[in-house]
1. Taking a point 7 Å out from Cα toward Cβ as the label site, list the nm distances between B:Ser75 and the same residue in every other copy, smallest first.
2. Remind me, what semi-axes does chain B give for its equivalent ellipsoid, largest first in whole Å, using sqrt of 5 times each Cα gyration tensor eigenvalue?
3. Taking the Cα atoms only, what angle lies between the long axis of helix A:261-273 and the longest principal axis of chain A, rounded to 10 degrees?
4. Using every Cα-Cα pair within the stretch A:167-228, state what percent have a distance larger than 17 Å.
5. Please calculate how many Å² of accessible area the stretch B:116-174 carries per residue, with a 1.4 Å probe and no DNA, RNA or ligand atoms counted.
6. For the full complex of protein chains and a 1.4 angstrom probe, list B:Ser327, B:Ser213 by accessible area with the highest value first.
7. Return the unpartnered cysteines for the protein assembly as shown, using a Cβ-Cβ cut-off of under 4.7 Å.
8. Given the C-alpha centroids of the stretch A:178-214 and the stretch A:349-402, what is the distance between them in whole angstrom?
Number of protein chains: 2
Amino acid sequence: MTKTPPATAAVPEQPALRVKRLGLHTQHQPVIVMHVDCHVCRSEGLSARSQVLVSSGNRSVQGTLYQVEGDGFLSLDEVGLSETAWALLQVSEGDDVRVTHPPAIQSLANVRRRIYGSRLDAGAFSDIVHDVVAGRYTEVQLAAFLTASAALPMDEAETAHLTGAMIEVGDRLQWDTPVVVDKHCVGGLPGNRTTPIVVAIVAANGLVMPKTSSRAITSPAGTADAMETLAPVDLDIAALRRVVQAEGGCVAWGGAVHLSPADDIFVRVERELDVDTEGQLIASVLSKKIAAGSTHVVIDIPVGPTAKVRSEEAAARLAGRMTAVASRFGLSATCIQTDGSQPVGKGIGPALEALDVLAVLQGVPDAPEDLHHRAAALAGAALEIGGKAERGRGTALAMETLASGRAWKKFEAICEAQGGLRVPPKAPRTHPVTAPRAGRVVHINNRKLARLAKLAGAPDAKAAGVYMDVRLGHEIDRGQPLLHIHAETPGELAYALDYAAHAGDIVEIEP
Amino acid sequence: MTKTPPATAAVPEQPALRVKRLGLHTQHQPVIVMHVDCHVCRSEGLSARSQVLVSSGNRSVQGTLYQVEGDGFLSLDEVGLSETAWALLQVSEGDDVRVTHPPAIQSLANVRRRIYGSRLDAGAFSDIVHDVVAGRYTEVQLAAFLTASAALPMDEAETAHLTGAMIEVGDRLQWDTPVVVDKHCVGGLPGNRTTPIVVAIVAANGLVMPKTSSRAITSPAGTADAMETLAPVDLDIAALRRVVQAEGGCVAWGGAVHLSPADDIFVRVERELDVDTEGQLIASVLSKKIAAGSTHVVIDIPVGPTAKVRSEEAAARLAGRMTAVASRFGLSATCIQTDGSQPVGKGIGPALEALDVLAVLQGVPDAPEDLHHRAAALAGAALEIGGKAERGRGTALAMETLASGRAWKKFEAICEAQGGLRVPPKAPRTHPVTAPRAGRVVHINNRKLARLAKLAGAPDAKAAGVYMDVRLGHEIDRGQPLLHIHAETPGELAYALDYAAHAGDIVEIEP
């Protein structure tokens, strides 16, 4: 609820303030800088780290205020904006602006109730998500909301309320076809980059699959990060629609089409916390599928001791919750448990994973078999629920689509439609991590591998990551490379090698 | 645990970077600004909102990086520091600095475990608190830790571990006397400013009471905020010791003596969340009492429908937990339940509460009786546990100390020793809120009153707040003032009046 301007006592007219673009990069956080001695700061009682509302015409942006002293930087009547704040306010240099306290955030009372263990109804979630998307929550308040829904996990009703609220605040796509298929992997398995392959197979068989993917949350690469090394993924809704109408499928970044703007905000904070929860996961996945206009979705749940989901029971529970919430929105979800005991393919990191994808699509002799089979199984399930294959025959059709080159041809066409096929970058620096003794590979720690790839610079450094030289069961000699670290900068290579030297047992070898 | 510098691959020597003081006020948050095109940002893979470590000699400060473009502000080899970062690093303009990734924060794994419901041991709390005090936690990570310990409340053992960890990282006082008394109010009751009166009475009777108080967390005034309008409270340890040795007591701000630096950090985030929990409350109170060298403490627990503690059962539970944790550290705690159904005294806000304190100490005819009696009861309990009065005779001795003027004389002496007695400021703007109908005052909402005083500018605006014209049971006419809002700026007065007009039933009147 937006607070109306004070009615009982007029706020005196502010003397004019002029806006100044600072060229200051603060990621998503709107930062406002004013002079310590500015008359408006004094009359409004604004101090450093106050939340303030900067208004111009009928636009406004809420941000964190910092104050500067001295006369070298800002004059008393100037309001400096960071790039994010500048983009949101859409002003020109020197325009008049007003600076006030932002309205009180009513929905924070819901967050506090949730922290103390009360469950929230649809209205409460809707209020929270609206305020979050309007930029009214500070990082601290966002962190509290996400932590509270991790500490007392959301139940099915809450998860559905959050999903609904997240759909409400975003754009929504509609398609002129009764069946729109989609797929999603709940993640936690490095290198599991089946999506581009699945989209190519499914679209090659005449189904519609408008796939939007996220960037990495806590992993070294999301599908959007990997796909971006092969083609542009920042498609707006018009571009996405054009690609799908032409080719039947796409692999676009979800953030650029604003299907779930709330999710983009939550994800950034989850990344800083390195925490993601079942409820947020389901709401994140389903809000985007529903907003994308999907009618059927195949969900890949990798299970393994160091994957995100660690037991078949946990996977079954997640599948049950996911399916139940989806059905409340008329979406048919099919969940598939897959092997999560080791990374999929050889590469971990945006470009390294893209190279695996290319190898499978192009059918090169040493293409990773596990990625090949897994993509075919998921595409097969999509072909079956989409009515393009008999029950039990989907995987065979998917394999045939790959073997015949039809999938690769479709993928090339999709990349061209998205803006042109690209060659993934190669890292200027690589360094092996070798086996300390001879033996058999008995365990691979996915979590430590993900951390290693992130220390090497992934996902921000596209070429960075880890290339696996071994798989479970391999017999190896002492000194043989277990993996190679790929990095774009010497600093990042050093951090990753340091971690590899001290983390112990990323790849476990039994003599 | 501090990560050792990478051993397996040398980080190349950085070209020199020069430090620049930006005069940028960001409250407690260390902010670092570098040029987007700086070679170190590129080679280290640093981007906006990265956490970075700036080092000079053997000092370093961790902060949030923002990046700036263009050539008007910073050159490529300059590292701009906010005032907080500047103070922590203790450098001079143009000094050489190094900028690197900060070491990984190992203790965050404990925070994540706590979010997911695992209880933590002493070692885990110690690691967390050490990293927090070293400035390694971002706001988001601090918020997650505090929210997690609100969602699954800390048990007695955890509360003791946190208390111990908070004592560990701060300074500790010792006194050459077997009995050192202290008092504390768990808060939630506007205007309950007994501390300065209690200290004066107790010290006038020869007991040692080195009182440190906090600033407001979620209330319109803490004792330190109110006392600051009467005398300086930013005493360092040497000054505090000098005041107590001379006068037997003091009322100092705890943050300035670093008795519990972790608490100062937690409190800022709690304030932004408007959340405080029993475990944090107990650890906050007891860590400071124990670090101050107290042997006995009287704890005031106001109980009322809109106070922080709402029932006698809840008060008894809190008292039980507080006493049990205190005893683990050899501290004897005496908890006293008091009436929390309405504000204490007439003023709410730093200066307005200080004026009530002065009225009681000086024995002026219209001094607030409730504040007088409450302070005497708490001082009486302290006199009894400190051995200066027989059991049951403490309150009478306290009353006599006030009536005789001995308490006022002692208070004047303490203020002079702290740096000089001050006259509390008066707000330039006051405005009444009047009764919408005639009748009897049957309920006063403490929480809404606190919010009203905060909207008026308290505690940052010292003179701002609320002055109560009525109490429970008063018979009033339509149009008669219920309270006056005091503000320092027209904007804040308008916000407060707007809230008073729309919040409904801050003071409930029954015809």
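The values are calculated or read from the model by the stated rules, or taken from the named source; none is laboratory data. Note that this is a predicted model, so its numbers are computed, not measured. Reconstructed Cβ throughout: ideal geometry from the backbone, glycine too, with neighbour counts over all protein chains shown. Accessible surface is based on the protein model in full, side chains and every heavy atom, while ligands, DNA and RNA are left aside. Shrake-Rupley method; radii C 1.70, N 1.55, O 1.52, S 1.80 Å.
1. Distances to the matching label points in the other copies: 2.7 nm.
2. Details: eigenvalues 365, 151, 101 Å².
Ellipsoid semi-axes (Å, largest first): 43, 28, 22.
3. In chain A, helix A:261-273 runs at an angle near 80 degrees to the longest axis.
4. Working: 919 of 1891 pairs.
Cα-Cα pairs of the stretch A:167-228 separated by over 17 Å account for 49 percent.
5. Details: 1960 Å² over 59 residues.
I get 33 Å² per residue for the stretch B:116-174.
6. On the way: B:Ser327 75, B:Ser213 10 Å².
Most to least solvent-accessible, the answer reads B:Ser327, B:Ser213.
7. So, A:Cys185, A:Cys250, A:Cys335, A:Cys415, B:Cys185, B:Cys250, B:Cys335, B:Cys415.
8. What the calculation gives is 10 Å, centre to centre.
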